[in-house]
Amino acid sequence: KDWRKDHRGMEEERPRDRTHYNCWGAISFRGATSLSIYTENTNQYVYKDNLEETRTELDELYPEGWFFVHDNHKSHLACEEWMKKEGFGRVRFPSYSPDLNPIENLWFTLKESVAKDAPSTPERMVASLKRNWEILTLPGNLRPYFITLFTRYQECIDKGGVRLSV
């Protein structure tokens, strides 16, 4: 970048195309799975593939067993029976409860981190996503997303699962 006062000759690198990426990953107090990055829309088949591909990583993080949290996205709901059959322990939440799912805050932080990198090509976007995911999902960086869960869960129970308007 060129920081001339009159802005003449100033060149700014801008994205060449509007490639859209979806990401999928799982986090826990102990660590995270690898990040899956793809361009197709998330449907039940993509979601199931992601679950199957990261199951080994989840088993390595929690050899004694684990519970899986997901929201009420239609692709998630479409896989419920399959997950039950495959032995995925699941946690159910009220229908609108992003504050109870720690990964929702992590996705927000990941988006902010990538935006700061300002990737200008699809390759740089993927590299930024992967690099920032690796940093954000170090166990020490993940802990704050989980430490306040008990308090948030208790508040939800105390309110009977009813979301208060802000």
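The numbers here are math on the coordinates, done by the rules we state, and not lab data. The shown structure was predicted, so the numbers you read here are calculated from the model rather than taken from an experiment. In this analysis, Cβ positions are derived from the backbone assuming ideal geometry, glycine residues included, and neighbour counts consider all displayed protein chains.
Structure above, values below:
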quantity: Too-long pairs where the Cα-Cα distance tops 29 Å, listed order kept, from LYS84/LYS111; LYS74/LYS159; LYS85/LYS130; LYS74/LYS111; calculated: LYS84/LYS111; LYS85/LYS130
quantity: Value of [θ]222 nm, deg cm²/dmol, for the chain, DSSP H segments ≥ 4, -39500 (n - 2.57) each, nearest 500; calculated: -15000 deg cm²/dmol
quantity: Whole-number percent relative contact order across the chain, with pairs defined as alpha carbons under 8 Å at least 6 apart; calculated: 23
quantity: Ellipsoid semi-axes in whole angstrom, largest first, where each is sqrt(5λ) of the Cα gyration tensor of segment 24-76; calculated: 20, 12, 10
quantity: FRET efficiency estimate (nearest 0.05) - Cβ-Cβ, ASP99 to PHE67, R0 22 angstrom; calculated: 0.75
quantity: Within the chain, longest stretch free of exposed trypsin sites (Lys or Arg not before Pro) [DSSP loop, at most 16 other beta carbons within 10 Å]; calculated: 93-158
quantity: Given the chain, longest segment not containing exposed loop GluC sites (Glu not before Pro) (DSSP; at most 14 other Cβ within 10 Å); calculated: 65-166
quantity: Potential extension, GLU81-ASP117 segment - 0.36 nm per residue separation minus Cα distance; calculated: 9.0 nm
quantity: Dipole of the chain [Lys/Arg +1, Asp/Glu -1 at C-beta], most positive-end residue of SER97, THR137, GLY65; calculated: SER97
quantity: Radius of gyration and Dmax over the Cα atoms of the chain, both given in Å; calculated: 19.1, 65
quantity: Candidates per chymotrypsin sites (Phe, Trp or Tyr not before Pro) in segment 46-98, loop by DSSP, up to 14 other Cβ within 10 Å; calculated: TYR96
quantity: Segment 122-166 - Rg and Dmax from Cα coordinates, angstrom; calculated: 16.7, 47
